[in-house]
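K.L.:
Let me begin by handing over the structure; questions about it come next.
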Amino acid sequence: MRAGNNTLSALIRPRAGTAEARPWLLIAVILGIVLAVPLVTVVAKVFTPGTPAWQHIAQNLLWEYTVNSVFLCLTTGAITLAVGVGCAWLVSRFRFPGRGWLEWALILPLALPSYIVAYSYAGILSFTGPLYTLIGQVGGREAAKALYFDSMNIFTLAVTLGLVLFPYVYLPAKAAFQLQSASMFEAASSLSGKSGMIFRRVALPLARPAIAGGLFLVLMEVLNDYGAVYYFGVSTFTTGIFKAWFSMGDLEAAIRLSAVLMLAVGLLFIAEKYKQRSRFATNTGLKKTGPEPVKGRKKWLYTLICTLPFLLGFALPFLKIAVDAVATWTKVSGPQFYMVIANSVMLAGGAAVLIVVLSVFFIYSSRINRSVIAKGVNRVVALGYALPGAVIAVGVMVVGAGLERFTEGIGLTSGSILVTGSVAGLIYAYVIRFMAVSVNPLEGNFKQQCAKPDEAARSLGKGYLFTLFRVNIPVMRPAILSAFLLVFLDVMKELPLTLILRPFNFDTLATTAFAYANDEMLRESAPASLLIVSAGIVPVLLIHKSIKSL
Amino acid sequence: MNPALEISNISKSYPGKDNPAVYGANLTLYKGKTLGLIGESGCGKTTLLRIIAGFEVPETGTVKVDGRTVTSPEIFVPPAERNVGMIFQDLALFPHLTVRENILFGVKEKDPAARDRITERMVTLTNLSGLENRRPGALSGGQQQRLALARAMAVSPQLLLLDEPFSNLDVALRQQVRGQVGDLLKAAQTSAVLVTHDIDDAVALCDTVAVMKDGKVLQAACFEVLYDNPSDEYVARLTGSVADLTAPITGNHTPDDRGERCLIRPERIRFRGADPRLRAAVIERNFAGDAFMYRMKSGEAEFRLRTAELLQEESEVNLFFDEKDLFVFGKEGRKSKPDAVANATIPPSV
């Protein structure tokens, strides 16, 4: 018993911290619980009896949701793997015309939310769109009719998602290829001159853990997507959650669907972690691989292979959006549209500030306490990024409803909305969803840059608060700014969570684009889309810069 | 019989660098022998090795492996087709493959039985039996070294290239692995080129040692010749301890226009005999394990001497040595005797 108590106290007691650090830990634990409650609630609700709506979904719709979600995951995953790994291999190993700009241009599709690309391609591939108009002008209307195919199907959707999500695989794969030891490639080429074999037997297996990590993010994005799948009329778990809540009015059914989705995500997460365990200690100490010059026609082939994903994943949809935005700007813009912009900036800015402040707090608390619990809190608060926005929204609604019942019960409020349908609730959900975007990079930066200045300040008798504000935050300013921008972009792009939790009559750029597209006014959705994409390009270029500086 | 390796007039420059990485290198290695390329970092030894392997293309010169031209202004044979095995400084083992898969990586033989025989032969030769299914991460430093050797030798190369293969090992393991590699090379009768900056590696493993500096091969010979008859001051200093007697003999404390240096191996200096060459005072003595390190003064000239002879501090001693043991180097290279002789105690014959 005594031993047990000792173990527990050892867990709680900060190893290197002092009494001064304990209040930080206490507050971090409380905040961690607040952020984890919605997720725990979703899991807990699974064990309650099913409602008639759930019975209906389970019997008639669940199979379709599963098949569609799995098909999308497999097809999009395969496309992102082929495009991402292929481009990463060519860019990191070979020197060919355009390689310099393609290296960063291939990241740009990250700036495009998948639903905006889906709207853009729906417009491009519609019979009245630019592609068939051009075919009609060149070959006649009959030729256009003969070549026309209905693009509103799950396969086109998967290709569209693949084109916009491949940078999630491209980025880690490129980093992995570039970090591989040059002498290992030389050893392989001195033993076997075939570059295909070197790729298959050496480079690819060694980069596999990094590629698996990127693929995991792609699958998360596919499962999280609502705007594109809804527009293409494909029923997945996310659309199911919306249907259960908005059409059937059954929160319990939405929770159960969320729980199934969480289970799928959990399995993917475990599989990814398992794969990470098989990471090999590669030779990275000496000379790194540099690109080799390519001669003849091959170099132009490589340029073409790498340019196509950029054109299809970014340039073409961006051009379509820009042209439509210019054409419809005067029609769409007005006081209401400016209010939408203000809403987006306010929400994204507010959420980003809060998330960055909380991240710094959590990381610093963990640093000064160095206990298992402090580290655990950091892991728990970063979990939300692995979950689809719709699941988090459902969790927040459940917590909100419980809170409202409680406050009404004690006579504090009477039917007023505290969490659900309020900006506060929306920001609460954003914090849960996007905390990882800020916590993970800042934690790495803190470790790298703050250890020595931190110890120096402490050795000079300064307190934790003084050290944090006068030493750590100034040292970390660029990293904090970059974390702010990344979160800002993610919140600007976020759709499913915003659609579920936004206050009545409250629109953001993302919901406006979605609403126009839903009303078959694709061109009118372009101004909102263009603003989201423009805001997104800055953080994407920041990512490229930070990778280059490694 | 063709030499295993012939290098003629190899030169290589890198863009943005003032001096060539390798300049006019000529070397020959006979079959079954080991050639050492030695010199400090940046002297061009690794570049020369990479030219032999086919990873770099020289501006001039030819490389022949077993009589076949593999590099010339007209011919370039890719690395995989040179029949040359290479062991890298970081070993470059494939961490995701087992010992067996690493060994068989370059083997073109498809027959499973033949592949098994090759694996068996290599693991026996390199003493890796029983470890065939382990990955490199599960091997000790010495075992990894032997695996790199087994992988390179599995393709039966006509020439083995070793690029500082022991530099990542600690001192104790280094000596052990060096001995094992030497035994393996002898057992397999493989011709090899070893790049190292450690003279002990070259002494232990090489039949011929080429000393490189600033991209040039200063001297290539067996170690005894380099030690007893160095063609350059750098070679003399690199191959063993020397006492610098320039100041006492010539009176020049710093090299003058003639740039003369007078060096001698300490063991060639005696402290008893007839006709002393120098008389010097012992200023300071420091214990250095197997010898003593002395600071001495002859006239106004100071010099250092490392010797096992026990001399008393503040005493005066006579130094005896043969004229033929003195290495005199001028700007044009090795000379028979110095132009200037300042110290009166030096007999006119010097």
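Every number in this text was worked out from the coordinates using simple rules, so none of it is lab data. All values derive from a computational prediction rather than experimental measurement. Note that we place each Cβ from the backbone using ideal geometry, even for glycine, and neighbour counts take in every protein chain shown.
K.L.:
For region A:524-540, just list the computed ³J(HN,Hα) in residue order, Karplus coefficients 6.51, -1.76 and 1.60, θ = phi - 60°, integers in Hz, with x standing in for Gly and Pro.
P.N.:
Couplings: 6, 6, 5, x, 5, 4, 4, 5, 5, 5, 4, 5, x, 5, 4, x, 5 Hz.
K.L.:
Can you compute the modelled spin-label distance between residue A:538 and residue A:481, with each label point 7 Å from Cα toward Cβ, in nm?
P.N.:
So the two model labels end up 1.0 nm from each other.
K.L.:
How much FRET efficiency would the formula 1/(1 + (r/R0)^6) give for residue A:146 and residue A:372, where r is the Cβ-Cβ distance and R0 is 60 Å, rounded to 0.05? Before the final figure, lay out the partial values.
P.N.:
Numbers: r = 67 Å, r/R0 = 1.11.
Efficiency for this residue pair is about 0.35.
K.L.:
As an exercise, use a Förster radius of 22 Å and the Cβ-Cβ distance of residue B:19 and residue B:332 to find the FRET efficiency, rounded to the nearest 0.05. Please list the in-between numbers first.
P.N.:
Details: r = 20 Å, r/R0 = 0.93.
The pair residue B:19/residue B:332 has a calculated efficiency of 0.60.
K.L.:
In sequence order, what are the phi-derived ³J(HN,Hα) couplings for region A:358-375 according to the Karplus relation 6.51 cos²θ - 1.76 cosθ + 1.60 with θ = phi - 60°, rounded to whole Hz, with x for glycine and proline?
P.N.:
Each residue of region A:358-375 in turn: 4, 4, 4, 4, 4, 5, 5, 4, 5, 5, 7, 9, 6, 9, 4, 5, 4, 5 Hz.
K.L.:
Looking at A:354, B:126, A:535, which one has the Cα that reaches farthest to the positive end of the dipole of the protein assembly as shown (charges on Cβ: Lys, Arg +1; Asp, Glu -1)?
P.N.:
Towards the positive end, the residue furthest out is A:354.
K.L.:
Another question about this same structure. Can you give the direction-averaged projected area of the convex hull of the alpha-carbon atoms in region B:241-335, in nm²? Spell out each step's value before the answer.
P.N.:
Values: hull surface 24.3 nm².
Orientation-averaged projected area of the Cα hull: 6.1 nm².
K.L.:
Roughly how big is chain A's charge dipole about its Cα centre, with Cβ charges of +1 (Lys, Arg) and -1 (Asp, Glu), in debye to the nearest 20?
P.N.:
Values: 46 positive and 24 negative charges, 538 e Å.
Dipole size: approximately 2580 debye.
K.L.:
Taking amide hydrogens as modeled 1.01 Å from N in the peptide plane, which residues meet the under 5 Å criterion relative to residue B:34, leaving out close sequence neighbours?
P.N.:
Here B:192, B:207, B:208 satisfy the definition.
K.L.:
Something else: What's the average, rounded to a whole number, of partner chain beta-carbon atoms within 10 Å of each residue's beta-carbon in A:190-201? Display every interim value, and only then the final one.
P.N.:
On the way: counts 18, 16, 7, 7, 1, 0, 0, 1, 1, 0, 0, 5.
Partner Cβ neighbours, averaged per residue: 5.
K.L.:
Place +1 on the Cβ of every Lys and Arg and -1 on the Cβ of every Asp and Glu in the protein assembly as shown, take the dipole about the Cα centre, and give the residue among A:513, A:472, A:421 whose Cα lies farthest towards its positive end.
P.N.:
A:421
K.L.:
Now for a separate question. Rank these for me by crowding, A:24, A:89, A:63, going from fewest to most other beta carbons within 10 Å. Could the numbers behind the result be given before it?
P.N.:
Details: A:24 23, A:89 20, A:63 10.
Ranking A:24, A:89, A:63 by Cβ neighbours within 10 Å, fewest first, gives A:63, A:89, A:24.
K.L.:
Fewest to most neighbouring Cβ within 10 Å: what's the order for B:119, A:508, B:71, A:330? Intermediate values should be presented prior to the final figure.
P.N.:
Details: B:119 20, A:508 28, B:71 23, A:330 9.
Going from least to most buried by this count: A:330, B:119, B:71, A:508.
K.L.:
Give me, ordered by chain and number, the residues 5 or more places off residue B:159 or on other chains with an amide H under 5 Å from its own placed amide H.
P.N.:
B:85
K.L.:
What nm distance separates the two modelled labels at residue B:175 and residue A:518, each placed 7 Å from Cα along Cα→Cβ?
P.N.:
8.0 nm
K.L.:
Here's another thing I want to ask about it. Under 1.5 on a/c is rounded, so check that first for region A:315-437, then, if it is not, pick prolate when a/b is larger than b/c and oblate when it is not; a ≥ b ≥ c are the square roots of the alpha carbon gyration tensor eigenvalues.
P.N.:
Numbers: a/c = 2.56, a/b = 1.39, b/c = 1.84.
Oblate shape, in that a/c is at least 1.5 and b/c is the bigger or equal ratio.
K.L.:
Okay, moving on. With point charges of +1 on the Cβ of Lys and Arg and -1 on the Cβ of Asp and Glu, referenced to the Cα centre of the protein assembly as shown, which listed residue (A:112, B:282, A:395) lies farthest in the positive direction of the dipole?
P.N.:
Projecting each Cα onto the dipole axis, the largest value belongs to A:395.
K.L.:
Mind checking the angle between helix B:112-125 and chain B's longest principal axis? C-alpha axes, 0 to 90 degrees, to the nearest 10.
P.N.:
Roughly 20 degrees, rounded to the nearest 10.
K.L.:
List, in order, the whole-Hz ³J(HN,Hα) value for each residue of region B:320-335 obtained from phi through the Karplus relation with A = 6.51, B = -1.76, C = 1.60 and θ = phi - 60°; use x for Gly and Pro.
P.N.:
Along region B:320-335, the couplings run 10, 7, 7, 4, 5, 7, 7, 9, 10, 10, x, 5, 8, x, 5, 10 Hz.
K.L.:
Across peptide B:84-90, how many C-beta atoms of other chains are within 10 Å of each residue C-beta, on average?
P.N.:
Values: counts 1, 3, 6, 2, 10, 5, 10.
Average neighbour count from other chains, rounded to a whole number: 5.
K.L.:
At R0 = 25 Å, how high is the FRET efficiency between residue B:187 and residue B:140 if r is their beta carbon distance? Nearest 0.05 is fine.
P.N.:
Values: r = 21 Å, r/R0 = 0.85.
Approximately 0.75, to the nearest 0.05.
K.L.:
Which ordering of A:164, A:357 is given by a fewest-first count of other beta-carbon atoms within 10 Å? Don't skip to the answer; put the middle values down first.
P.N.:
Details: A:164 30, A:357 13.
Going from sparsest to densest Cβ surroundings: A:357, A:164.
K.L.:
Using the alpha-carbon atoms, what tilt in degrees (0 to 90, nearest 10) does helix B:141-153 show relative to the longest principal axis of chain B?
P.N.:
The answer is roughly 60 degrees.
K.L.:
Sticking with this structure for a sec: Can you tell me the alpha carbon radius of gyration of chain A divided by the globular rule-of-thumb value 2.2 N^0.38 Å? It would help to have the intermediate numbers written out before the result.
P.N.:
Numbers: Rg = 25.1 Å, N = 550, 2.2 N^0.38 = 24.2 Å.
Expressed relative to 2.2 N^0.38 Å, the Cα Rg reads 1.04.
K.L.:
Could you give the dipole magnitude of chain B about its Cα centre, charging the beta-carbon of Lys and Arg +1 and that of Asp and Glu -1, in debye to the nearest 20?
P.N.:
Working: 43 positive and 47 negative charges, 178 e Å.
That gives a dipole near 860 debye.
K.L.:
Another one. With n ≥ 4 as the cut-off for DSSP H runs, can you work out [θ] at 222 nm for the protein assembly as shown, using -39500 (n - 2.57) per run divided by the number of residues, rounded to the nearest 500? If you can, show how the numbers build up before the last one.
P.N.:
On the way: 36 runs with 485 residues, N = 900.
So the calculated ellipticity at 222 nm is -17000 deg cm²/dmol.
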